[in-house]
1. Can you pull the one-decimal nm distance between simple spin-label points at GLU145 and GLU66, each 7 Å off the Cα toward Cβ?
2. Sort all Cα-Cα distances of the stretch 29-106 into consecutive 10 angstrom bins from zero, then give the percent of pairs in each bin up to the one containing the longest distance.
3. How big, in percent, is the set of alpha carbon pairs in the chain lying more than 21 Å apart?
4. Find how much the distance from GLU106 to THR9 grows on full extension, using 0.36 nm per residue of separation minus their present alpha carbon separation; answer in nm with one decimal.
5. What order do LEU26, LEU81 take when sorted by accessible area (1.4 Å probe), most exposed first?
6. Run the count for the chain, please: Lys pairs, Cα-Cα under 30 angstrom, 8 or more apart or on different chains.
7. For the chain, what is the accessible area per residue in Å² when the probe is 1.4 Å?
8. Explain nothing, just the number: relative contact order of the chain, from Cα pairs under 8 Å at least 6 residues apart, as a whole percent.
Amino acid sequence: MSDSFKEMTRVPSELLQQRISTVHELRQDELELYEISKDSDTGEHYLHYAYVHRNLAAIGPGAGEEEVFHHLMPLDSDAVLGMMFGEQSYSYPDFWDHAFLRNGPEGDYVWFDPTYVNDQDESEMVGRSIVEELQRFKQSGERSEEALRKLLESFDPPKKE
């Protein structure tokens, strides 16, 4: 039995083409394709999303040319059944909330984890909160040791019990 793609950092596109086959087409139009695919070696299922991108901003040769991008997200059997029977959402980017393979410019597929966006949003929120606290401290004019201790304590996350 071959290695799971989940165990690889980079997956050559040739290997994907050899092992991945369509099990069930979910939706296809002139710009997008959604299908359930299966790895013939491991039996693992993937949600395959392909879309056409036209680079209209490019200048010179290649301007406006179409590129096709592919994403493959691992699926558990409940998700596969839910999608096949129309009970499970699969649209990009809403459903795509955990790591998936996507193709890159060198032709290999690499893992992309969308959860970093959530982490980034949370970090920005914490940063804004700290700036607001510092502004309130500065405006208060209170510079005692006690006021400074309270300010620093306000930056500590609540303790979990």
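The values are calculated or read from the model by the stated rules, or taken from the named source; none is laboratory data. A quick note: this is a predicted structure, and the numbers were derived from the prediction, not measured. With ideal geometry, Cβ positions are generated from the backbone for all residues, glycine too; neighbour counts draw on all protein chains shown. Heavy atoms of the whole protein, side chains included, go into the accessibility calculation; ligands, DNA and RNA do not. Shrake-Rupley method; radii C 1.70, N 1.55, O 1.52, S 1.80 Å.
1. With each label placed 7 Å out from Cα toward Cβ, I get 7.3 nm.
2. 16, 43, 26, 11, 3
3. Working: 8013 of 12880 pairs.
Value for the chain (Cα pairs over 21 Å): 62 percent.
4. Details: separation 97, 0.36 × 97 = 34.92 nm, distance 1.40 nm.
That works out to 33.5 nm of additional length.
5. Values: LEU26 40, LEU81 95 Å².
Per-residue accessible area, sorted high to low, gives LEU81, LEU26.
6. Numbers: LYS6/LYS38; LYS138/LYS150; LYS138/LYS159; LYS138/LYS160; LYS150/LYS159; LYS150/LYS160.
Within the chain, the lysine pair count is 6.
7. Values: 11280 Å² over 161 residues.
Ligands and nucleic acids excluded, the result is 70 Å² per residue.
8. Numbers: 201 pairs, mean separation 24.7, N = 161.
Reported relative contact order: 15 percent.
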